[in-house]
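Here is the structure we will look at.
The values are calculated or read from the model by the stated rules, or taken from the named source; none is laboratory data. None of these values were measured; they are calculated from a predicted model. Note that each Cβ is placed from the backbone with ideal geometry, even for glycine, and that neighbours are counted across all protein chains shown.
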Amino acid sequence: MPTLPFPVNEVFEATNTGDLPRFLAAFAADGVVDDSGRPSRGRDAIARWSRAESIGVQQTFTVTGTRNDGEHTIVTATVGSGGYNGPATFTFILAPDGETIQSMTITG
């Protein structure tokens, strides 16, 4: 399994430990989370999304696969939470600095 880029790994680790500040730090200031066609742009909007849909419902991820496809890092995971439970695919694009995430798209 390929090694995940640092900010992508941070998203999964921060979610699994319920650490919202660490989760938000993984994103560029103008980053976006697109949850099944519902985009949240910027850290404030991402924080609201996470409180309602992810960390706020004690979400956890078990990574089941990873691959790199050009500029995309694609991760499959099993999601557990007080909300959605089941398989999901996460597609990441890193910001130009390579240190943060520009976008995370989630599909079921």
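Can you find, within segment 5-37, the residue that is farthest from Gly80 (Cα to Cα) among those that are β-branched (Val, Ile, Thr) and not in a helix (DSSP H, G or I)? I'd like the intermediate steps shown before the answer.
To start, the set of residues in segment 5-37 that are β-branched (Val, Ile, Thr) comprises 8, 11, 15, 17, 32-33.
Next cut, not in a helix (DSSP H, G or I) only: 32-33.
Values: Val32: 22, Val33: 19 Å.
Per the criteria, the residue is Val32.
Within segment 38-108, which strands (runs of 3 or more DSSP E) (wholly inside it) include 3 or more residues that are free of Cβ contacts under 8 Å to residues at least 12 places away in the same chain?
Output list reads 38-41.
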Exercise for review: Within segment 82-99, track down each residue that is touching an Asp or Glu at 6+ places or on another chain (Cβ under 9 Å) and surrounded by 18 or more Cβ atoms within 10 Å (Cβ to Cβ).
Suggested key: Leu94
Check your understanding: Restricting attention to segment 19-44, which residues are surrounded by fewer than 15 Cβ atoms within 10 Å (Cβ to Cβ), in contact with a helix residue (DSSP H, G or I) (Cβ under 7 Å, 6 or more places away or on another chain) and either basic (Lys, Arg) or under 17 Å from Val79 (Cβ atoms) (or both)?
Key -> none
Check your understanding: Looking at (1) within 11 Å of the chain's Cα centre (by Cα); (2) modelled with pLDDT under 95, which is the only condition Gly98 fails?
Key -> (1)
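Is it the case that some residue within segment 54-67 is among the hydrophobic types (A, V, I, L, M, F, W, C) and more than 18 Å from Pro7 (Cβ to Cβ)? First the steps, then the outcome.
If we filter segment 54-67 for residues that are among the hydrophobic types (A, V, I, L, M, F, W, C), which is where we start, we get 55, 57, 61, 63.
Still in the list and also more than 18 Å from Pro7 (Cβ to Cβ): 57.
Scanning segment 54-67, I find at least one residue that is among the hydrophobic types (A, V, I, L, M, F, W, C) and more than 18 Å from Pro7 (Cβ to Cβ), so the answer is yes.
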Check your understanding: In segment 45-59, how many residues are crowded, with 16+ Cβ neighbours inside 10 Å and out of contact with any Ser or Thr (no Cβ under 7 Å at 6 or more places or on another chain)?
Key -> 3
